[in-house]
1. What are the pairs, 6+ residues apart or on separate chains, where a residue within the stretch 1-15 that is farther than 22 Å from G29 by Cβ has its Cβ under 9 Å from a residue that is part of a strand (DSSP E or B) and basic (K, R)?
2. I'm trying to understand the selection: among the residues of the stretch 11-65, which are within 30 Å of S121 (Cα to Cα) and of a type in the set (D, E)?
3. Name every residue in the stretch 8-21 that is farther than 23 Å from V100 by Cα and not in a loop (DSSP other than H, G, I, E, B), in order of residue number.
4. Checking the conditions here, which among K64, K60, K96 is basic (K, R), modelled with pLDDT of 95 or more and over 13 Å from the mean Cα position of the chain (by Cα)?
5. Looking at this structure, is A24 in a strand (DSSP E or B) and within 14 Å of M97 (Cβ to Cβ)?
6. For the stretch 98-108, state whether one or more residues are open to solvent by 40 Å² or more (accessible area, probe 1.4 Å), aromatic (F, W, Y), in contact with a strand residue (DSSP E or B) (Cβ under 9 Å, 6 or more places away or on another chain) and under 27 Å from V12 (Cα atoms).
7. Return the total of residues in the stretch 46-83 being out of contact with any Asp or Glu (no Cβ under 6 Å at 6 or more places or on another chain), polar (S, T, N, Q) and surrounded by 16 or more Cβ atoms within 10 Å (Cβ to Cβ).
Amino acid sequence: QVQLVESGGGLVQPGGSLRLSCAASGNIGNIYTMGWYRQAPGKQRELVATITPDGRTAYKDSVKGRSTISRDNAKNTVYLEMNSLKPEDTAVYYCKMQIVQIGRVGTYDYWGQGTQVTVSS
């Protein structure tokens, strides 16, 4: 099976920075688009950033210029570095990967368990 494990969340002051990591492990054949999503209390989950296998990125408008998504294909890992954090960035952050498993036909979405990011003074 496939497992995604996130790390790097926590409490940070407004204006601070965080780097989230998400590593995939298991029966992995190939990983296509990787992404980060977030869900604040009482709100729907929303897309934050994505990165394709060849490094093309896309960002939610409100995080553009403050965030950088990157990936290490050799480590099956995606990162999200966030700077100039604001209270409205507070949410549970989830990673998602499009994965093809060895011996299984098709591409499937896998999610991490979520990591809490709280921006507060």
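1. Going by the 9 Å Cβ cut-off, the qualifying pairs are G8/R19.
2. E46, D61
3. From the stretch 8-21, those farther than 23 Å from V100 by Cα are 8-20; that's our starting set.
Answer for the stretch 8-21, where residues must be farther than 23 Å from V100 by Cα and not in a loop (DSSP other than H, G, I, E, B): G10, L11, V12, L18, R19, L20.
4. Values: K60 fails: over 13 Å from the mean Cα position of the chain (by Cα); K96 fails: over 13 Å from the mean Cα position of the chain (by Cα).
Only one candidate qualifies: K64.
5. Details: in a strand (DSSP E or B): yes; within 14 Å of M97 (Cβ to Cβ): yes.
For A24, the condition - in a strand (DSSP E or B) and within 14 Å of M97 (Cβ to Cβ) - is met.
6. Just the residues of the stretch 98-108 that are open to solvent by 40 Å² or more (accessible area, probe 1.4 Å), to begin with: 98, 102-105, 107-108.
If we keep only those that are aromatic (F, W, Y) as well, we get 108.
Those still in the list that are in contact with a strand residue (DSSP E or B) (Cβ under 9 Å, 6 or more places away or on another chain) too: 108.
Okay, now just the ones that are also under 27 Å from V12 (Cα atoms), so none.
Within the stretch 98-108, none of the residues are open to solvent by 40 Å² or more (accessible area, probe 1.4 Å), aromatic (F, W, Y), in contact with a strand residue (DSSP E or B) (Cβ under 9 Å, 6 or more places away or on another chain) and under 27 Å from V12 (Cα atoms).
7. Taking the stretch 46-83 first, the residues out of contact with any Asp or Glu (no Cβ under 6 Å at 6 or more places or on another chain) are 46-67, 69-83.
Then keep just the ones that are polar (S, T, N, Q); that gives 50, 52, 57, 62, 67, 70, 73, 76-77, 83.
Going one step further and asking which of them are surrounded by 16 or more Cβ atoms within 10 Å (Cβ to Cβ), we end up with 50, 67, 76-77.
Qualifying residue count, the stretch 46-83: 4.
Condition check ((1) touching a residue at least 12 places away in the same chain (Cβ under 8 Å); (2) hydrophobic (A, V, I, L, M, F, W, C); (3) part of a strand (DSSP E or B)) across all residues:
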| position | (1), (2), (3) |
| --- | --- |
| T33 | yes, no, yes |
| W36 | yes, yes, yes |
| Q44 | no, no, no |
| A49 | yes, yes, yes |
| D54 | no, no, no |
| S62 | yes, no, no |
| S70 | yes, no, yes |
| V78 | yes, yes, yes |
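The values are calculated or read from the model by the stated rules, or taken from the named source; none is laboratory data. These numbers come from a predicted model, not from an experiment. Because the Cβ atoms are built from the backbone with ideal geometry, glycine has one as well, and the counts that use them run over all protein chains shown. The accessibility values were calculated without ligands, DNA or RNA, using every heavy atom of the protein model including side chains. Shrake-Rupley method; radii C 1.70, N 1.55, O 1.52, S 1.80 Å.
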